[in-house]
Amino acid sequence: MLKYLIIGALLALVFLIVYSRLRPYIELLRKVFSALKGTLDATSSPTPRGGSTKTEKKLVRCVACGTWIPAERAIGAGSNMSEYCSRECLAKAATGKKRKLAG
């Protein structure tokens, strides 16, 4: 019984050593396959009939600074309003409009 336990422990040790040496290559292959899968999914699946894409993949441009951001993170998104990347840009645009109206 002890003999099988020692053999099992040695096999587990050998497996751990081999896995630790091969782990970086396994991670690299996983990243390559996920990138290829994303590329194949994007090229093979047509856009829906409505022509709209998912909001998670849609980028919008901030009116104040011109930065491209994901649509779900935009402030003022979802309506016909202007879209901003942060509250600072929103405040900057609001003060800019007040100056234009006063001057």
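Each row is one residue, and each column tells you yes or no for (1) surrounded by 10 or more Cβ atoms within 10 Å (Cβ to Cβ); (2) of a type outside the set (Lys, Arg); (3) modelled with pLDDT under 80; (4) in contact with a strand residue (DSSP E or B) (Cβ under 6 Å, 6 or more places away or on another chain).
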position: Ala35; (1), (2), (3), (4): yes, yes, no, no
position: Thr39; (1), (2), (3), (4): yes, yes, yes, no
position: Glu83; (1), (2), (3), (4): yes, yes, no, yes
position: Arg87; (1), (2), (3), (4): no, no, no, no
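Tyr19 passes every criterion in (1) at pLDDT below 90; (2) of a type in the set (Ser, Thr, Tyr); (3) out of contact with any helix residue (DSSP H, G or I) (no Cβ under 7 Å at 6 or more places or on another chain) apart from (1).
The values are calculated or read from the model by the stated rules, or taken from the named source; none is laboratory data. Model, not experiment: these values are computed from the prediction. Every residue, glycine among them, receives a Cβ derived from its backbone with ideal geometry; neighbour counts consider all protein chains shown.
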